[in-house]
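Since the structure comes first, as structure tokens, the remarks are kept for the end.
The values are calculated or read from the model by the stated rules, or taken from the named source; none is laboratory data. Values in this document were obtained by computation on a predicted structure and should not be read as measured data. Every residue, glycine as well, gets a Cβ built from its backbone with ideal geometry; the counts of neighbours run over all protein chains shown. Accessible surface is based on the protein model in full, side chains and every heavy atom, while ligands, DNA and RNA are left aside. Shrake-Rupley method; radii C 1.70, N 1.55, O 1.52, S 1.80 Å.
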Amino acid sequence: MKAIVYCEYGLANLKLKDIEKPAPTDNEVLVRIHASSVNPADMICKGGARIVTGLRKPKITRLGTDFAGTVEAVDKNITKFKPGDEVFGGKTGAFAEYVCVREERAITLKPANVTFEQAASVPIAGITALQALRDKGKIQSGKKILVNGASGGVGTFAVQIAKALGAEVTGVCSTRNLEMVRSIGADQVIDYTKEDFTRSGQRYDLLFDNIGNHSFSERRRILNLNGMCVMVGVGGSGASGGQILGVLAGELNAYSRSRFVSQKFSTFLAALNQKDLAVLSDLMQAGKITPVIDRTYKLNETADALRYLEQGHARGKVVIKLE
């Protein structure tokens with residue numbers, strides 16, 4: 001099968017190669033991938049986190065996590081899936097024609113009313129938004145939430161999920177994205193190029209912060225007395241390793257300082273799992289979530305897709321479409 005492989009750091013070193021096609025064993029499902037999507041985490045191929053990924057060369061040479069496709073074969077013990085099922089989920093190495101996933105892991109049936117490209121855009125971004133809002137933010141009906149970075153991959157899901165949970169949603173984005181953010185359900189929108197939302201005088205129960213471009217005191221200023229800031233971003237998809245470390249240091253400082261004030265600050269890392277993928281599938285089936293896709297690329301254009309994502313201006317998700 002064909003897959004994106006890299007043995008040296010750098011986008012220029014991503015290669016489309018023929019590698020051995022996997023076969024399902026040990027309760028695995030073999031999926032023929034029709035679409036995948038790129039995420040900021042895929043930027044590890046640039047070598048910005050070598051202390052984890054390998055100092056001189058990458059330890060893991062495959063990229064991609066999000067996928068959607070058709071079940072081609074299953075291990076003899078599989079009961080949840082059968083050949084021909086349309087599915088989506090997450091597994092390392094998804095920039096490829098095939099992937100094997102354990103039955104109980106991050107894989108679930110794709111709703112019939114969404115395309116493979118739409119389903120492939122969901123796993124990491126959708127679960128990040130869902131878990132941050134529901135589990136960390138404890139969002140309930142009638143709560144006021146502000147989404148900073150509402151037009152990005154995670155942000156577009158956050159707006160829609162917050163609305164599905166009954167919240168009143170304000171989205172922050174650039175001028176060109178105002179109508180799009182309104183169209184996916186935001187009750188109000190703020191153009192950050194014209195207005196600083198931390199000086200608007202409005203207060204919110206939850207700040208869902210994808211960007212991390214305001215200080216601790218500025219964020220406190222827009223939160224209600226017992227409000228919360230959930231920080232899910234590290235300075236944008238195009239941030240360098242040094243910038244990421246700087247932002248993380250700032251977020252940890254905010255988290256530490258929040259122990260002494262009534263508002264709470266929480267950092268967040270999502271965990272892919274089958275149960276929450278099924279929740280997102282149900283929301284799509286009900287028409288409460290419609291994935292937003294900016295651009296699609298071919299598998300041999302994966303490096304170009306990542307370069308576009310790196311610019312930090314994608315509207316929704318960037319998808320890899322396989323032939």
Legend entry - Filter result for residue 64 (at positive phi and at pLDDT 95 or above): yes
Inset, instruction - Quick one: count up the residues across region 59-82 that are within 23 Å of the chain's Cα centre (by Cα) and either in contact (Cβ under 8 Å) with a residue 40 or more places away in the chain or farther than 25 Å from residue 305 by Cα (or both). - result: 9
Inset, instruction - Out of 99, 38, report the one residue that is within 23 Å of the chain's Cα centre (by Cα), of a type in the set (A, V, I, L, M), farther than 24 Å from residue 155 by Cβ and at pLDDT 95 or above. - result: 99
Inset, instruction - Answer yes or no as to whether residue 157 is in a helix (DSSP H, G or I), modelled with pLDDT of 95 or more, among the aromatic types (Phe, Trp, Tyr) and under 18 Å from the mean Cα position of the chain (by Cα). - result: yes
Legend entry - Residue in region 242-257 that is hydroxyl-bearing (Ser, Thr, Tyr) and either modelled with pLDDT under 65 or assigned to a helix (DSSP H, G or I) (or both) present: yes
Legend entry - The one condition in (1) free of Cβ contacts under 8 Å to residues at least 24 places away in the same chain; (2) open to solvent by less than 40 Å² (accessible area, probe 1.4 Å); (3) within 14 Å of residue 144 (Cβ to Cβ) that residue 201 fails to fulfil: (2)
Inset, instruction - Select from region 3-36 the residues that are under 18 Å from residue 323 (Cβ atoms) and out of contact with any Leu (no Cβ under 9 Å at 6 or more places or on another chain) and write down the one among them that is surrounded by the most Cβ atoms within 10 Å (Cβ to Cβ). - result: 31
Inset, instruction - Give region 71-92 a look and list any residue that's assigned to a loop (DSSP other than H, G, I, E, B) and under 23 Å from residue 122 (Cα atoms), or say none. - result: 80, 81, 82, 83, 84, 85, 91, 92
Legend entry - Qualifying residues in region 181-210 (those that are basic (Lys, Arg) and outside any loop (DSSP other than H, G, I, E, B)) - the one nearest to residue 134 (Cα to Cα): 182
Inset, instruction - For residue 95, state whether it is aromatic (Phe, Trp, Tyr), under 30 Å from residue 11 (Cα atoms) and open to solvent by less than 10 Å² (accessible area, probe 1.4 Å). - result: yes
Inset, instruction - Among the residues of region 70-87, count how many are loosely packed, with under 11 Cβ neighbours inside 10 Å and charged (D, E, K, R). - result: 1
Inset, instruction - Check region 283-291 and report whether any residue there is among the basic types (Lys, Arg), at pLDDT 95 or above and outside any helix (DSSP H, G or I). - result: yes
Inset, instruction - Please give the number of the condition residue 110 fails out of (1) within 22 Å of the chain's Cα centre (by Cα); (2) over 21 Å from residue 309 (Cβ atoms); (3) open to solvent by less than 20 Å² (accessible area, probe 1.4 Å). - result: (3)
